[in-house]
1. Test LEU186 against the criterion of being open to solvent by 30 Å² or more (accessible area, probe 1.4 Å), within 21 Å of GLY122 (Cα to Cα) and touching a residue at least 40 places away in the same chain (Cβ under 8 Å), and give yes or no.
2. Could you list, in sequence order, the residues of the stretch 177-199 that are farther than 16 Å from GLY146 by Cα and either in contact with a Pro (Cβ under 9 Å, 6 or more places away or on another chain) or not hydrophobic (A, V, I, L, M, F, W, C) (or both)?
3. Which residues, taken from the stretch 137-155, are open to solvent by 30 Å² or more (accessible area, probe 1.4 Å) and farther than 21 Å from VAL29 by Cα?
4. Go through the stretch 89-128 and report how many residues are over 17 Å from LEU59 (Cβ atoms), assigned to a helix (DSSP H, G or I) and touching a helix residue (DSSP H, G or I) at 6+ places or on another chain (Cβ under 8 Å).
5. Considering (1) touching a Leu at 6+ places or on another chain (Cβ under 8 Å); (2) within 26 Å of ILE124 (Cα to Cα); (3) part of a helix (DSSP H, G or I), say which one HIS80 fails and leave the rest.
6. Scanning for something out of contact with any Ser or Thr (no Cβ under 8 Å at 6 or more places or on another chain), not in a helix (DSSP H, G or I) and not small (Gly, Ala, Ser), does the stretch 196-214 turn up at least one residue?
7. For the stretch 1-20, name all the residues that are touching a residue at least 40 places away in the same chain (Cβ under 8 Å), at negative phi and of a type outside the set (A, V, I, L, M).
Amino acid sequence: MSGILDDFKDAFSKRNNGLIQLIWLNVAVYVVMLLVLISLTIFFKKAELFDNALSYLSLTPSLGTFLYRPWTILTYSFFHSVNPIAHLLPNMLMLYWFGAIIQEFLGSRRLINLYILGAIFGGIFALLTFNFIPYYQTGINTTIIGASGSVMAIMFAAATLAPDYTFFLFLIGPVKIKYIAFFFFLISLAGAIGINAGGGIVHLGGALLGYLYVKQLQAGNDWGTPIDATVDFFKRIVNRTEKPKIKVAYRQKETSYNSSSVGVGVGYPDEDEVDAILDKISRSGYESLTKEEKQKLFKASQK
C-alpha cells in the first residue's frame, strides 16, 4: 500500500505530468468513494448517507438546485458510479490514449485546461438543455457524474488537432482518430434521448468544446488563459514566502560557476528562468522554445 502512495506522491511532484495526475486523481476519488460506501453499508447500514453526500458533488440540471451548489459544475467530473467500475475504466483508458496526444502536441498545462473546460462547458450545455428544451424538463432533477464530458473534449481536441493520427485497435487494425471521435459522437447523440440523457448531453457539450478550443487556439486565442492566471495567482501566494531564500541560493550558485569560468554563451539560469521555461513547455510544448531557452534548459540540467 505504501508503494501505491509513493507512486501517487511521485506523480504530483513531477512537472509536465498532467495526464498521469488526472488519471491518479480520478482513481483516488473512486477508491475513497468505494471505501466510504462499503463502510457505511456494512458497519452502519446507512448507505443512503453516501447518496446524500454524493448529491452535493454531482451536477443536477435544475437551476434551483444548481444555484445552491455551483461548485458541482466542476466536481461532478471527478466522480464515477461506484458500481459498476465499468463507468470509470473506459473513461480512464480514453483519457490516457487521447490525453497523450494533447500532452505531446500542446503540453501538460493545456491538457488540464481542456479537462476543466470540457467539464464546465459540458455542464453548462446540460443546464441549458434541461431547462429550455421541453422534452428534457421531466428529468431536470437527474444527477450527472463522470469524466465523460472532459474526456470527450480531449478526444475531439485531439481529433481536430491531428485528425489522421492512427490508433491500432484490437481485431480491427489501424483507425484514424477522426473516425473514432465520430463514432463516439454518434453514440452520444443516440444517448441524448435515452435513459442516460444527461450523460449523452454532457458528452456532446464536451465534444463541441474540444473542437472549438483547438480552432480558437489555431486562431491565436487560448481559452485556457483564465485558468492559467488563476493557478498562477494561487501559486504566487503559496510561494511568496519561499522565493527570496531560493533566489539567494541560486545567486550564490551562479556566482561560483561564473568565477570558475564555465565558458562563453548562455550562462546558468536561475530558478525563476527555469520555472518560466518549464511553464512554457507545459503550455505550448518543447518545440515552442527559442534556441536560447533550449540552451538554458540544457545548462540547468547540468547543475
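The values are calculated or read from the model by the stated rules, or taken from the named source; none is laboratory data. Everything numeric here is computed off the predicted structure, so don't read it as measured data. All Cβ positions, glycine included, derive from the backbone under ideal geometry; neighbour counts span all protein chains shown. The accessibility values were calculated without ligands, DNA or RNA, using every heavy atom of the protein model including side chains. Shrake-Rupley method; radii C 1.70, N 1.55, O 1.52, S 1.80 Å.
1. Working: open to solvent by 30 Å² or more (accessible area, probe 1.4 Å): yes; within 21 Å of GLY122 (Cα to Cα): yes; touching a residue at least 40 places away in the same chain (Cβ under 8 Å): no.
So LEU186 does not fit the description; no.
2. Within the stretch 177-199, ILE177, LYS178, TYR179, ALA181, GLY194 meet the criteria.
3. Of the stretch 137-155, the ones open to solvent by 30 Å² or more (accessible area, probe 1.4 Å) are 137-138, 140-143, 145.
The answer is GLN137, THR138, ILE140, ASN141, THR142.
4. 19
5. (3)
6. There is at least one residue in the stretch 196-214 that is out of contact with any Ser or Thr (no Cβ under 8 Å at 6 or more places or on another chain), not in a helix (DSSP H, G or I) and not small (Gly, Ala, Ser).
7. Pass one, the stretch 1-20, residues touching a residue at least 40 places away in the same chain (Cβ under 8 Å): 15-19.
Going one step further and asking which of them are at negative phi, we end up with 15, 17-19.
Hits for the stretch 1-20 are ARG15, ASN17, GLY18.
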